[in-house]
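Read through the structure below, which is laid out as structure tokens, and then see the notes.
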Amino acid sequence: MRHILIAGCGWLGTALGLALARRGDAVWGLRRHPSGLPPPLQPIAADLADPATLTALPSTLDAVVFAAAPEASDEPSYERTYVRGLANVLEALHANALTNRLPRVVLLSSTSVYGQSGGEWVDESSATAPNDFRGRFVLRGESTLSESGFPAIALRLGGLYGPGRESLVDAVRSGRATLSPEPNRFTNRIHLDDAVGAIVHLIDLPAEAAARLYVGVDHEPAARNDVLRWLASRLGVALTGAPVAAERERDSRGDTNKRCSSVRLRHSGYRFRYPTYREGYEAILDARARARA
């Protein structure tokens, strides 16, 4: 049994915690109002931005996953999460450690740290030049973690989708989805189940095999229009309206155009359950069909 803390236990963190608990790990979920966390996750009520609330962390931990998400898409929220919040958790972990072994810390970062806009391929070795505050604060969080002295891994996740985040399916079905005027603008995705699977995989990687940075996306960057057309065909509906700029999808909360590669993650041994958006959205559609039956 491993002892694992999920700091910022929201949608993704809860799914991760349940997966870890199913295999027998002891899991604590930290958030400001943890009463809604499902058992067997053990709740910790704390505010990442308030160090005084972080004094009751478990004294012995094998891994910590920093999965906090900003409350709003503004600079104060991103600074609160990725700068103050992460630093406070790391300080509390140092203060509470009763063993000489520091836990592995996995930071859920974002592909928004890449500012490339010409459809370039990017990976862990590519330049990071965020073009807005989101990527800049996330990158500051990565730097804070790398300087903390903990065994650390940053996982740069692409756009998450899956049960609970199905808005693109609903937009296509309802006729609200509109083709982009930029047909070659790429998006990068990862299904919730693969995000969870990748995090568990990185928690378990032996120290000698683990890198400090991974990109977490599926095998195939896809133009948004291709995804919309595939969904429309699968749903048996027509895409209505002419392409308009207002419908451009922001890839991982940044107005960029790049193709992210997860080759390093795959070479480390992780096998995707949903290698492309087709398998991932097919699973969503199948689940909806079963629910209606």
Highest average packing first - 77-86, 112-121, Cβ atoms within 10 Å: 77-86, 112-121
Extension reserve of the Val263-Ser126 stretch, reckoned as 0.36 nm per residue once the Cα distance is removed: 48.0 nm
Accessible-area order (highest first, 1.4 angstrom probe) of the listed residues Ser59, Ser109, Ser167, Ser126: Ser167, Ser59, Ser126, Ser109
Calculated [θ] (222 nm, deg cm²/dmol) that DSSP helices of n ≥ 4 give over the chain, each run adding -39,500 (n - 2.57): -10000 deg cm²/dmol
Portion, in percent, of the accessible area of the chain that falls on carbon or sulfur, probe 1.4 Å: 51
Fully extended contour minus Cα-Cα distance, from Glu182 to Arg288, at 0.36 nm per residue: 35.1 nm
Part-to-part distance (alpha-carbon centres) for segment 29-45 and segment 59-133, which is given in Å: 21
Options Thr276, Val64, Pro34, ranked by Cα towards positive dipole end of the chain, top entry (Cβ charges): Thr276
Segments 226-239, 62-75 sorted - mean Cβ within 10 Å per residue, highest first: 62-75, 226-239
Computed accessible area, Ser35, all protein chains, 1.4 angstrom probe, square angstrom: 110
For the chain, share of DSSP beta bridges that run antiparallel, in % to the nearest 5: 10
Loop-located trypsin sites (Lys or Arg not before Pro) in segment 114-181, at most 16 other Cβ atoms within 10 Å (DSSP): Arg176
Gain upon complete extension [His33, Asn96; 0.36 nm per residue less C-alpha separation]: 20.5 nm
For segment 39-162: accessible area per residue (Å², 1.4 Å): 41
Rough spin-label spacing in nm, given labels placed 7 Å along Cα→Cβ, for Asp47 and Ser117: 3.8
Tensor-based shape of the chain (alpha-carbon gyration tensor, a/c under 1.5 rounded, otherwise prolate or oblate): prolate
Residue list for segment 37-56, given a label point 7 angstrom along the Cα-to-Cβ vector of Arg23 and an amide N cut-off under 18 Å: 40-42
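The values are calculated or read from the model by the stated rules, or taken from the named source; none is laboratory data. Note that the structure is a prediction, hence the values are computed from the model and not measured. So basically every Cβ, Gly included, is an ideal-geometry build from the backbone, and we count neighbours across all protein chains shown. Only protein heavy atoms, including side chains, enter the accessible area calculation; ligands, DNA and RNA are left aside. Shrake-Rupley method; radii C 1.70, N 1.55, O 1.52, S 1.80 Å.
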